[in-house]
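Enquirer: One structure follows; several queries about it will come next.
The values are calculated or read from the model by the stated rules, or taken from the named source; none is laboratory data. Worth saying up front: this structure is predicted, and the values here are computed from it rather than measured. With ideal geometry, Cβ positions are generated from the backbone for all residues, glycine too; neighbour counts draw on all protein chains shown. Heavy atoms of the whole protein, side chains included, go into the accessibility calculation; ligands, DNA and RNA do not. Shrake-Rupley method; radii C 1.70, N 1.55, O 1.52, S 1.80 Å.
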Amino acid sequence: MNEINDAIERADREAFTKDPPKTLKGQIGYLIRQLGSAKAVAREIGVTADSVNRYRRGARKHARADVAARIDEAVRARWQPQIRKRRQKQAATTGGITVETRARFGYTAPVGTTDDGRFRRLTVHLPPQYAQRLFDARQVGASDQQMRQIIAEGLKDIYFQDSGARALGLSDVTLNDIDYLDLDY
């Protein structure tokens, strides 16, 4: 499971100013314009170039469910890349990122306090440096666990320690058993 990547993808899709093509013919036409040829599209979605041309002409109006899912995924991955980049740059420089989650948080705390992990539902706005670290980690192919740690560090700083105003002895916050996680920027 890759919850963080999925959450970033959802946040990217919410930024679209125009919906991607919905019809099979429209999606194939868009992919051909993006990739340059029916052969390249065929390689991308795992069918023959003849099938791609049939979809483009409208001779086939429906693709198999697995092929239709790959087509939709390929279109969404390429749709409005400038808008995605602009939103991510804004989040990483000035806007920050809002994390909404219900998960089990564990942490290491000083002697005399409880460090029992428990489920919490949080909505916390993290500063731009955490957004930048998260986007950089995603770009270099970081694991879901590494990206979880970035979010956990941000939640530790902003939520648990209130930007250094309390719980200064708290360390090693972990984000476990994610029930749901949503990002907005």
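Enquirer: Using the alpha carbons of segment 114-159, what is the convex hull volume per residue in cubic angstrom, as a whole number? Kindly include the intermediate steps, with their values, before the conclusion.
Expert: Values: hull volume 3.8 nm³, N = 46.
Here the figure is 83 Å³ per residue.
Enquirer: Go through 32, 95, 151 and say which Cα lies farthest out towards the positive end of the charge dipole of the chain; charges sit on Cβ, +1 for Lys and Arg, -1 for Asp and Glu.
Expert: Ranked along the dipole, the leading option is 32.
Enquirer: Moving on. Could you check how many percent of all C-alpha pairs in segment 21-109 are farther apart than 16 Å? Kindly include the intermediate steps, with their values, before the conclusion.
Expert: Working: 2392 of 3916 pairs.
The calculated P(r) of segment 21-109 puts 61 percent of pairs beyond 16 Å.
Enquirer: Further question on the same structure: Given charges of +1 on the Cβ of Lys and Arg and -1 on the Cβ of Asp and Glu, with all other atoms neutral, how large is the dipole of the chain about its Cα centre, in debye to the nearest 20?
Expert: Working: 32 positive and 24 negative charges, 307 e Å.
Charge dipole, the chain, about its Cα centre: 1480 debye, nearest 20.
Enquirer: Over the chain, with every protein chain in place, what whole percent of the accessible area is carbon and sulfur at 1.4 Å, could you tell me?
Expert: Details: 4950 of 10470 Å².
Roughly 47 percent of what the probe reaches on the chain is carbon or sulfur.
Enquirer: A follow-up question, please. What number of lysine-lysine pairs in the chain show an alpha-carbon separation below 27 angstrom, given a sequence spacing of 8 or more or placement on distinct chains?
Expert: Within the chain, the lysine pair count is 10.
Enquirer: I would also like to ask the following. Please state the equivalent ellipsoid semi-axes for the chain: what are the square roots of 5 times the Cα gyration tensor eigenvalues, largest first, in whole Å?
Expert: On the way: eigenvalues 359, 54, 30 Å².
Semi-axis lengths for the chain are 42, 16, 12 Å.
Enquirer: Could I ask something else about it? Over the chain, calculate the relative contact order: mean separation of alpha carbon pairs under 8 Å at least 6 apart, over the residue count, as a percent. Mind dumping the intermediate values first?
Expert: Values: 250 pairs, mean separation 46.8, N = 185.
Value for the chain: 25 percent.
Enquirer: If a/c stays under 1.5 just call it rounded; otherwise compare a/b with b/c (prolate if a/b is bigger, oblate if not). Do that for segment 19-73, with a ≥ b ≥ c from the square roots of the Cα gyration tensor eigenvalues.
Expert: Numbers: a/c = 1.19, a/b = 1.08, b/c = 1.11.
In terms of gyration-tensor shape, rounded.
Enquirer: Considering only protein heavy atoms, what is the solvent-accessible area of residue 30 at a probe of 1.4 Å, reported in Å² to the nearest 10?
Expert: Rounded to the nearest 10, the figure is 20 Å².
Enquirer: Here's something else I'd like to know. Mind checking which of 82, 59, 69 is farthest towards the positive end of segment 29-88's charge dipole, using Cβ charges of +1 (Lys, Arg) and -1 (Asp, Glu) about the Cα centre?
Expert: It is 82, whose Cα lies furthest towards the positive end.
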